1. Specify the residue that is farthest from Leu2 (Cα to Cα); the eligible residues are those in segment 40-69 that are open to solvent by less than 50 Å² (accessible area, probe 1.4 Å) and among the aromatic types (Phe, Trp, Tyr).
2. Which condition breaks for Arg31 when tested against (1) in contact with a Ser or Thr (Cβ under 7 Å, 6 or more places away or on another chain); (2) surrounded by 15 or more Cβ atoms within 10 Å (Cβ to Cβ); (3) not hydrophobic (A, V, I, L, M, F, W, C)?
3. State whether the residues of segment 50-63 include one that is free of Cβ contacts under 8 Å to residues at least 24 places away in the same chain, hydroxyl-bearing (Ser, Thr, Tyr), out of contact with any Cys (no Cβ under 7 Å at 6 or more places or on another chain) and within 16 Å of Thr8 (Cβ to Cβ).
4. Does Leu3 meet the test of being open to solvent by less than 50 Å² (accessible area, probe 1.4 Å), among the aliphatic types (A, V, I, L, M) and in contact with a strand residue (DSSP E or B) (Cβ under 9 Å, 6 or more places away or on another chain)?
Amino acid sequence: MLLQEKETGNLIEIIDVKLLIDPNEDKVPARDQAGQEEQDPEKYSKTSLVFPSGESLPRCWVDANYRNN
């Protein structure tokens, strides 16, 4: 799955989608798709990621208490 980093606009390949949709995880392992060589995995904060369309991640993916508000 590809997402976009807000600050740089680079596409980010999510390595583990299960961690992405887990609201108890703050960071997700992914690879930056900038450049011609595959980059080493890094942890990206979910708050710094959006869909390529610019839409934010669903609240239930980033807030474990989304039902209480």
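The values are calculated or read from the model by the stated rules, or taken from the named source; none is laboratory data. Since the model is a prediction, treat every value here as computed from it, not as a measurement. Neighbour counts are summed over all protein chains in view; Cβ atoms, including those assigned to glycine, are modelled from backbone coordinates with ideal geometry. Note: areas computed on protein heavy atoms with side chains; ligands, DNA, RNA excluded. Shrake-Rupley method; radii C 1.70, N 1.55, O 1.52, S 1.80 Å.
1. Selected residue: Trp61.
2. The single condition Arg31 does not satisfy is (1).
3. No, because not a single residue in segment 50-63 is free of Cβ contacts under 8 Å to residues at least 24 places away in the same chain, hydroxyl-bearing (Ser, Thr, Tyr), out of contact with any Cys (no Cβ under 7 Å at 6 or more places or on another chain) and within 16 Å of Thr8 (Cβ to Cβ).
4. On the way: open to solvent by less than 50 Å² (accessible area, probe 1.4 Å): yes; among the aliphatic types (A, V, I, L, M): yes; in contact with a strand residue (DSSP E or B) (Cβ under 9 Å, 6 or more places away or on another chain): yes.
The answer is yes for Leu3.
This table checks each residue for (1) at pLDDT 95 or above; (2) out of contact with any Asp or Glu (no Cβ under 8 Å at 6 or more places or on another chain).
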position: Gln4; (1), (2): yes, yes
position: Asn10; (1), (2): no, no
position: Ile15; (1), (2): yes, yes
position: Leu49; (1), (2): yes, no
position: Ala64; (1), (2): no, yes
